[in-house]
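First up is the structure itself, then whatever we jot down about it.
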Amino acid sequence: MGAGYRRGVSDRYGDDVLSGHRRRRARARPVEVPAETGTVVEDVETGWCGAVVRVEKAGGVHMVHLEDRHGRTRAFPLGPGFHVDGAPVTLSAPRASATARLSAARAAERRTASGSRAVHGRRAMVAKGSRIFVEGRHDAELVEKVWGADLRVEGVVVEMLDGVDDLTEVIRRFAPDRGRRMGVLVDHLLPGTKEWRVVEAARRLRPWADHVLVVGHPYVDVWQSVKPQRLGMDAWPVIPRGTSWKAGVATHLGWPHATHTDLARAWRRVLGAVDSYADLEPELLGRVEELIDFVTAPG
């Protein structure tokens, strides 16, 4: 929201939005109020007061984002536990009109999750020789969710590497050529890292170097390529060295993390927050699009 918006609503907050309503609030029963943009709301538990700027679904939970008078934004789960004008309310999702919902549904049908024009009535192509390789299952599932429709139309298969330590050996076994290209997506590809040294060696591997493209994103894990706002955060947390990154993130979000099953469920919640390319950071989007262009280019 711009500065003009904040000036327009700042005087509505006042020094104490509850003044004059203490006794009435204690007797009142919560009523359901749609979280419409601009509605000034107080979260009872934290005392945070702000105007509704948006409502979105993250990890299966509807979150309302409130902007205070200083322009700071914080997200809260929709439901009970709020006050509007000093009275207790239960916030619900805004009621979109039937026409708006129909228009949104029709627009979605015309585009894939990657933003490409949807192709209807066409079967997936037989798999080509070219492949895209990713480090692990989570990378593969995220690529499938956003680019799966495009890749099936192009006949491109995504395979898992289970890490990049043996990348040069994988290239030798795959033996890429002009009609059998190999694209590789690497996590945490930053100068000086172990991944960087492995990739530099792979890029020089002869005689296959011209038919291999290795690109990477800067994130510790592909989870981090999901925009944090989709999970109700302003930013992904910084996890101390020596602590499992995924477990640290789950702890920060208040999710169970003691077992592999817990972390698998945590990933499902992260993946569930992704509906389209708009929910991902550009550092990942650009790299995946680059790989798709490389492996589908004419021989």
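Looking across the stretch 47-61 at every residue that is part of a strand (DSSP E or B) and within 15 Å of the chain's Cα centre (by Cα), the one that is surrounded by the fewest Cβ atoms within 10 Å (Cβ to Cβ) is identified as Lys57.
If we keep just the residues of the stretch 250-298 that are surrounded by fewer than 19 Cβ atoms within 10 Å (Cβ to Cβ), over 17 Å from Ala140 (Cβ atoms) and among the aliphatic types (A, V, I, L, M), which is farthest from the chain's Cα centre (by Cα)? Taking the candidates together, the pick is Ala297. Taking the criterion of being under 13 Å from the mean Cα position of the chain (by Cα) and buried (at least 17 other Cβ atoms within 10 Å of the Cβ), the only residue of the stretch 234-249 that qualifies is Trp236.
Restricted to the stretch 165-185, and to residues there that are in contact (Cβ under 8 Å) with a residue 12 or more places away in the chain and out of contact with any Phe, Trp or Tyr (no Cβ under 9 Å at 6 or more places or on another chain), the residue that is nearest to Gly136 (Cα to Cα) is Asp165. Being at negative phi and of a type outside the set (S, T, N, Q) is a description that applies to Gly179. Scanning the stretch 271-289 for any residue that is acidic (Asp, Glu), closer than 20 Å to His62 by Cα and free of Cβ contacts under 8 Å to residues at least 60 places away in the same chain turns up at least one such residue.
Do you know which residues across the stretch 27-48 are in contact (Cβ under 8 Å) with a residue 60 or more places away in the chain and of a type in the set (A, V, I, L, M, F, W, C)? If the condition is that a residue be in contact (Cβ under 8 Å) with a residue 60 or more places away in the chain and of a type in the set (A, V, I, L, M, F, W, C), then Ala28 is the only one that fits. Any residue at all in the stretch 234-243 that's among the β-branched types (Val, Ile, Thr) and either in the same structural domain as Val153 (by TED's automatic domain parsing) or within 20 Å of Glu135 (Cα to Cα) (or both)? Scanning the stretch 234-243 turns up no residue that is among the β-branched types (Val, Ile, Thr) and either in the same structural domain as Val153 (by TED's automatic domain parsing) or within 20 Å of Glu135 (Cα to Cα) (or both). When the helices (runs of 4 or more DSSP H) confined to the stretch 222-299 are screened for residues that are over 28 Å from Gly183 (Cα atoms) and among the basic types (Lys, Arg), those reaching at least 1 such residues are found at 260-272.
Restricting attention to the stretch 153-186 and to residues that are in contact with a helix residue (DSSP H, G or I) (Cβ under 6 Å, 6 or more places away or on another chain) and of a type in the set (Asp, Glu), the residue that is nearest to Gln224 (Cα to Cα) turns out to be Glu154. Scanning the stretch 62-96 for residues that are in a loop (DSSP other than H, G, I, E, B) and of a type in the set (Lys, Arg) yields Arg69, Arg72, Arg95.
The values are calculated or read from the model by the stated rules, or taken from the named source; none is laboratory data. These figures come from a predicted structure and were not determined experimentally. Reconstructed Cβ throughout: ideal geometry from the backbone, glycine too, with neighbour counts over all protein chains shown.
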